[in-house]
Amino acid sequence: MVAKYAVALLALGFSGAFSSHAAAPEQFVGRWDITLRTPEGDRPSWLEVRRSGREALVGQFVGVVGSARPIAQVVANGDSLRFSIPPQWEEGTDDLRVEGRMEGSALVGRMTFPDGKQYDWTAVRAPSLRRQAQVSWGAPVALLSQNSLAGWHAVAGENQWIVRGGILSSPKSGANLVTDRTFGDFKLHIEFRYPKGSNSGVYLRGRHEVQIEDNFGAEPASDGFGSVYGFIAPSEMAAKPAGEWQTYDITLVGRMLTVVANGRPIIVDREIPGITGGAIDSREGDPGPLLLQGDHGPIEYRNIILTPAR
């Protein structure tokens, strides 16, 4: 009976169900922190490769900008892999093509962008960041002065940020703002206000963006208010109308994240898989700064209080 059933399936074209091919290479499976070498300096990206069924490899990819994109097929051959994905925010219309090979425990390769430009890249396995011991907390630190940008510096553009009466303002699109200090695990309280249609974000360790966007009344989404951009959608939409002060209370321990927005838990003890687009680098195992996005629209912040882990 089994043999007759198999013959019937083969006749209908279901040959994959009884394939005897070797299993997909395990050496590529996992998460990879990518450093892209460009004439303007190093740029970060991220890759995850997963098994799908008996043989196939699939995954997801985060580029220099944008959100996580699915990879329908990762083609592995010996010590080499390749895949292609449609363009997202890159210039050009061709697919983004990635080729790499194993060198020891690392990956090296070349990335061809949709506009035809090519850059070399290297990648190391992303750290798990699992914490074995219970976290204890230090003293809260106020990160914002009353009338100066002390403790912060602008990156990726000319500074447009100002501080008056304890309110940090970016009146127009411009540079991002980064703390001089870096942090590992922490709890963060931050208050913000934006005009209608505006957009910003808080990058934890400079690598993982919790999105700020005028989404009042919208459905929760992985690229909307309260999300970890492109990775984790909030459980509900907690945004207030534009023009009102709002709050995030964020706890980050290793990769595990909790976000309380305007007093409502919207992400509870969820794992952040990797860096989000616009990250400062891909060194996920290192402490990093707090980064406030200023290149998308007007935004105000106040009462930025960070409690570091001891």
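If the condition is being in a loop (DSSP other than H, G, I, E, B) and open to solvent by less than 10 Å² (accessible area, probe 1.4 Å), then region 224-233 contributes Gly224, Phe225, Gly226, Ser227. For region 89-102, the candidate set comprises residues that are closer than 16 Å to Val64 by Cβ and crowded, with 17+ Cβ neighbours inside 10 Å; within that set, the residue that is modelled with the lowest pLDDT is Glu90. A single member of Glu300, Glu244, Glu236 is of a type in the set (Asp, Glu), touching a strand residue (DSSP E or B) at 6+ places or on another chain (Cβ under 9 Å) and either in a strand (DSSP E or B) or buried (at least 22 other Cβ atoms within 10 Å of the Cβ) (or both), and it is Glu300. When every residue of region 116-130 is checked against the conditions, at least one turns out to be open to solvent by 70 Å² or more (accessible area, probe 1.4 Å), closer than 19 Å to Val64 by Cβ and among the polar types (S, T, N, Q). Quick test for you: out of Ile167, Ile162, Ile85, Ile71, pick the one residue that is within 30 Å of Val253 (Cα to Cα), among the hydrophobic types (A, V, I, L, M, F, W, C) and free of Cβ contacts under 8 Å to residues at least 60 places away in the same chain. Exactly one residue qualifies, and that residue is Ile71. Flag set for Val65, criterion: assigned to a loop (DSSP other than H, G, I, E, B), within 28 Å of Arg255 (Cβ to Cβ), β-branched (Val, Ile, Thr) and out of contact with any helix residue (DSSP H, G or I) (no Cβ under 8 Å at 6 or more places or on another chain). Scanning region 181-195 turns up at least one residue that is over 20 Å from the mean Cα position of the chain (by Cα), open to solvent by less than 20 Å² (accessible area, probe 1.4 Å) and modelled with pLDDT of 95 or more.
Residue by residue, here is whether (1) open to solvent by 10 Å² or more (accessible area, probe 1.4 Å); (2) of a type in the set (A, V, I, L, M) holds:
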site: Val155; (1), (2): yes, yes
site: Gln160; (1), (2): yes, no
site: Ser198; (1), (2): no, no
site: Gly201; (1), (2): no, no
site: Gly206; (1), (2): no, no
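The values are calculated or read from the model by the stated rules, or taken from the named source; none is laboratory data. Given the structure is predicted, the values throughout are model-derived calculations rather than measurements. All Cβ positions, even for glycine, are placed from backbone atoms using ideal geometry, and neighbour counts span all protein chains on display. In case anyone asks, the SASA skips ligands and DNA or RNA and just uses the protein heavy atoms, side chains included. Shrake-Rupley method; radii C 1.70, N 1.55, O 1.52, S 1.80 Å.
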